[in-house]
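**Q** Take this structure first; my questions come after.
Values quoted throughout were computed directly from the atomic coordinates according to the rules given, and no laboratory measurement underlies them. What you see is a predicted model, and the numbers here were worked out from it, not measured in a lab. FYI the Cβ positions are ideal-geometry reconstructions off the backbone, even for glycines, and counts take in every protein chain you see.
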Amino acid sequence: MISKKFTRSLTVLSVALITPVFTWILLKSLANNSFSAFDPDPWIQSLVTSPHNFYLNDEANPWIHIQIKNSELLFVTTNGDLEPIAHLPVFKADHLVFLVDGQGPSAAKTFYDFLQSNHYTEKSLVLSASDGFLKDVRYYNANIKLSCGQAYLIRFRMLNDLGLANLMTINMSGALVDPSIFSDNIVELTLALHQRHVPVFTFPSTTTEAQKVSANMLLPRRTE
């Protein structure tokens, strides 16, 4: 009787130990055979192979920091102040990078209307930490160039550590990696994204790991 109970317990324990391993092997096999599309635009791919420095509100290589409050668009000036979007200079650069702090369908509609009215939809890459905001913007234009959000990056990092990152769909044109959040493994995360032809954007940082990253830098105003 005791022997039967022991055998049954041993069987249950073995199954409990083997099942997660078998599941991981199966998922790993699926990941290795998965393929996700990426943005083949030459400008986007140049940002993977030859990262650029972008300067706040610059004429040649601009990035523009937008904040949306109560459906009102504000932009961050080179002095760090907030001003209405009506005061934003007209940019003649071939490509623009927008970093947007906003959430909700109303904010997405307001921002997209701004892009349309200024004929920026075809030349812009929109970065945001909010997955929901990016999804709402995509609703208005499926072809607009958008980053992934922070929640996506956190899931991607976790799966990448397990060798399962290929299970996630790659349908973004860029990734904003905040060194204050991903400082411990920013190098590995950037490398994994580059291997999938996704350009990485980040901010200057004094941390040792962040200094090793070959990524597109979002910098303050140009001083030279």
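**Q** Compute the signed sum of charges (Lys and Arg +1, Asp and Glu -1) over the other residues within less than 11 Å, Cβ to Cβ, of VAL76.
**A** Working: positive: ARG221; negative: ASP81, GLU83, ASP101.
Once all neighbours under 11 Å are counted, the net charge is -2.
**Q** Under a 5 Å amide H to amide H cut-off, with H placed in plane at 1.01 Å, what residues pair with LEU99 once short-range neighbours are removed?
**A** The answer is ILE64, HIS65, ILE66, LEU127.
**Q** Taking the Cα centre of the range 81-224 as origin, work out the dipole magnitude from +1 charges on Lys and Arg Cβ and -1 charges on Asp and Glu Cβ, in debye rounded to 20. Don't skip to the end; give the middle numbers.
**A** Details: 12 positive and 14 negative charges, 70 e Å.
Here the range 81-224 has a charge dipole of around 340 debye.
**Q** Test of understanding: what is the full-extension gain from GLN116 to SER183, defined as 0.36 nm times their sequence separation minus their Cα-Cα distance? Walk me through the intermediate numbers first.
**A** Values: separation 67, 0.36 × 67 = 24.12 nm, distance 3.58 nm.
Full-extension gain reported as 20.5 nm.
**Q** Let a ≥ b ≥ c be the square roots of the eigenvalues of the Cα gyration tensor of the range 70-116; is it rounded (a/c under 1.5), or, if not, prolate (a/b larger than b/c) or oblate?
**A** Details: a/c = 1.87, a/b = 1.24, b/c = 1.51.
Oblate.
**Q** At what distance in nm do the modelled label points of ALA151 and ASP94 sit from each other, each positioned 7 Å from its Cα along Cα→Cβ?
**A** So the label points at ALA151 and ASP94 sit 3.6 nm apart.
**Q** Additional query: Taking the Kirkwood radius as the inverse of the mean 1/r across Cα pairs, report the Rg/Rh of the range 150-203. Kindly include the intermediate steps, with their values, before the conclusion.
**A** On the way: Rg = 10.0 Å, Rh = 11.1 Å.
Rg/Rh: 0.91.
**Q** Continuing with this model, one more query. What list of ³J(HN,Hα) couplings, whole Hz, do you get for the range 145-152 from phi and the Karplus terms 6.51, -1.76, 1.60, once you set θ to phi - 60° and write x for glycine and proline?
**A** 3J(HN,Hα) across the range 145-152, in whole Hz: 7, 10, 8, 8, x, 5, 4, 4.
**Q** If you take the C-alpha gyration tensor of the range 106-224, multiply each eigenvalue by 5 and take the square root, what semi-axes do you get, largest first, in whole Å? Intermediate results must be reported in sequence, preceding the final value.
**A** On the way: eigenvalues 129, 73, 26 Å².
Whole-Å semi-axes of the equivalent ellipsoid: 25, 19, 12.
**Q** Highest first, please rank the peptides 180-186, 58-64 by the mean number of other Cβ atoms sitting within 10 Å of their residues.
**A** On the way: 180-186: 15.4, 58-64: 17.0.
Descending mean neighbour count gives 58-64, 180-186.
**Q** Between ASP41 and ASN171, what is 0.36 nm times their sequence separation minus the Cα-Cα distance? Round to one decimal in nm. All intermediate terms of the calculation are to be shown ahead of the outcome.
**A** Values: separation 130, 0.36 × 130 = 46.80 nm, distance 1.27 nm.
Contour length minus the Cα-Cα distance gives 45.5 nm.
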